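Novice: Please find one structure pasted underneath; my questions will follow.
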Amino acid sequence: NAGVTQTPKFRVLKTGQSMTLLCAQDMNHEYMYWYRQDPGMGLRLIHYSVGEGTTAKGEVPDGYNVSRLKKQNFLLGLESAAPSQTSVYFCASNRAVRNGYTFGSGTRLTVV
Amino acid sequence: AQSVTQLDSQVPVFEEAPVELRCNYSSSVSVYLFWYVQYPNQGLQLLLKYLSGSTLVESINGFEAEFNKSQTSFHLRKPSVHISDTAEYFCAARPSSGGGADGLTFGKGTHLIIQP
């Protein structure tokens, strides 16, 4: 039962570097989401997707881009990393809005 | 737009004591409500949810939450906690109408600390 898989689990970047976080789900879910979690801030929505080929901005989209070329994958990109993007990133998916999310185990990103 | 407020950032309780984690929401439309639990270094797991119908919802591990529309609350309770309940708990909400999937709004979380 893979569910939602995030890679990598940990990463350290230097300011200005770029990277892509991968989220893969094997549940045939339509909806996928990227959140960031910061101490005392809860989870904040970065971008989301309602289906293959579609993406939309969430609450805190600046500095991030996303792509959903395949239904099972949702990629989060940082073009030029900044220390303010140090966070734990969670991917989630669900089949319908009435359902709860299935979360990945997270990616801990540090930008120095 | 809706907002979710968890009034306590940290709740310490003794083992086998009861606990209540408070959650209030603000929304101009009907909402679905959720509680998630996050154990250390893990992702979030769905604990329970309120969609409609009975205002009292239960989870398989002894937690329950009651939807109170007049007080716009969805507090989480457990009559007797265990060490294994130590975790971060998040309340979340989203509008029940509309076909969009614009994501859940989460509260900032409550850290439940169980003391032996």
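Novice: Calculate the FRET efficiency for A:S80 and B:S59 from the Cβ-Cβ distance with a Förster distance of 30 Å, rounded to the nearest 0.05.
Specialist: So, using R0 = 30 Å, E works out to roughly 0.10.
Novice: When every alpha-carbon pair in segment B:40-95 is counted, what percent end up more than 12 Å apart?
Specialist: Cα-Cα pairs of segment B:40-95 separated by over 12 Å account for 70 percent.
Novice: Still on this structure, I have one more. Is the C-alpha gyration tensor of chain B telling us rounded, prolate or oblate? Criteria: a/c under 1.5 is rounded; beyond that, a/b larger than b/c is prolate, otherwise oblate.
Specialist: prolate
Novice: Tell me, what % of the accessible area of chain B is carbon and sulfur with a 1.4 angstrom probe? Please report the intermediate quantities before stating the final value.
Specialist: Values: 2750 of 5550 Å².
Within chain B, the accessible surface is 49 percent carbon and sulfur.
Novice: How much net charge surrounds B:W35 when only the other residues with a Cβ under 15 Å from the Cβ of B:W35 are counted, with Lys and Arg +1 and Asp and Glu -1?
Specialist: -1
Novice: Let me ask something else. Tell me the Kirkwood radius of segment A:45-112: reciprocal of the mean inverse pair distance over distinct alpha-carbon atoms, in Å. The partial results should precede the final answer.
Specialist: Numbers: mean 1/r = 0.0770 Å⁻¹.
After inverting the pairwise mean of 1/r, the radius is 13.0 Å.
Novice: Pop a pseudo-label 7 angstrom from the Cα along the beta-carbon direction at both A:D62 and B:S28 and give the gap in nm to one decimal.
Specialist: Those two pseudo-labels are separated by 2.5 nm.
Novice: Specify the residue with the greatest mean-square fluctuation among A:P61, A:P39, A:P83, computed from a Gaussian network of chain A linking alpha-carbon atoms under 10 Å apart.
Specialist: A:P39
Novice: Evaluate the distance, in nm, between pseudo-label points positioned 7 Å from the Cα of A:Q17 and of B:T86 along their respective Cα→Cβ axes.
Specialist: Placing both labels 7 Å beyond Cα along the Cβ direction yields 3.4 nm.
Novice: Here's another thing I want to ask about it. Spelling out what I want: for every residue of segment A:30-37, take phi, set θ = phi - 60°, compute 6.51 cos²θ - 1.76 cosθ + 1.60 (Karplus), and round to whole Hz; glycine and proline get x.
Specialist: Per-residue couplings from phi come out as 6, 9, 9, 9, 10, 10, 10, 10 Hz.
Novice: Follow-up question, since we're still on this one. PRE reach from B:H111 (point 7 Å along Cα→Cβ): which of segment B:2-36 fall under 11 Å by backbone N?
Specialist: The answer is B:9-12, whose backbone nitrogens lie closer than 11 Å to the label point.
Novice: If you don't mind, there's one more thing I want to ask. Among B:F106, B:L56, B:Q38, pick out the residue whose Cα is farthest towards the positive end of the charge dipole of chain B, where Lys and Arg carry +1 and Asp and Glu carry -1 on C-beta, about the Cα centre.
Specialist: B:F106
Novice: How large is ³J(HN,Hα) for each residue in segment A:41-51, as worked out from phi by the Karplus curve 6.51 cos²θ - 1.76 cosθ + 1.60 (θ = phi - 60°), to whole Hz, x for Gly and Pro?
Specialist: Ordered by residue, 3J(HN,Hα) equals 10, x, 10, 10, 6, 8, 8, 8, 9, 9, x Hz.
Novice: What is the Cα convex hull volume of the protein assembly as shown when expressed per residue in Å³? Don't skip to the answer; put the middle values down first.
Specialist: Values: hull volume 27.9 nm³, N = 228.
Enclosed volume per residue, from the Cα hull, is 122 Å³.
Novice: Would you kindly find the accessible area of B:V13, with a 1.4 Å probe and non-protein molecules such as ligands, DNA and RNA excluded, rounding to the nearest 10 Å²?
Specialist: Roll a 1.4 Å probe over it and B:V13 shows about 20 Å².
The values are calculated or read from the model by the stated rules, or taken from the named source; none is laboratory data. Since the model is a prediction, treat every value here as computed from it, not as a measurement. For neighbour counting, all protein chains shown are included, and Cβ atoms are generated from backbone atoms with ideal geometry for every residue, glycine included. Each accessible area value is taken on the protein alone, full model and side chains, heavy atoms only, with ligands, DNA and RNA left out. Shrake-Rupley method; radii C 1.70, N 1.55, O 1.52, S 1.80 Å.
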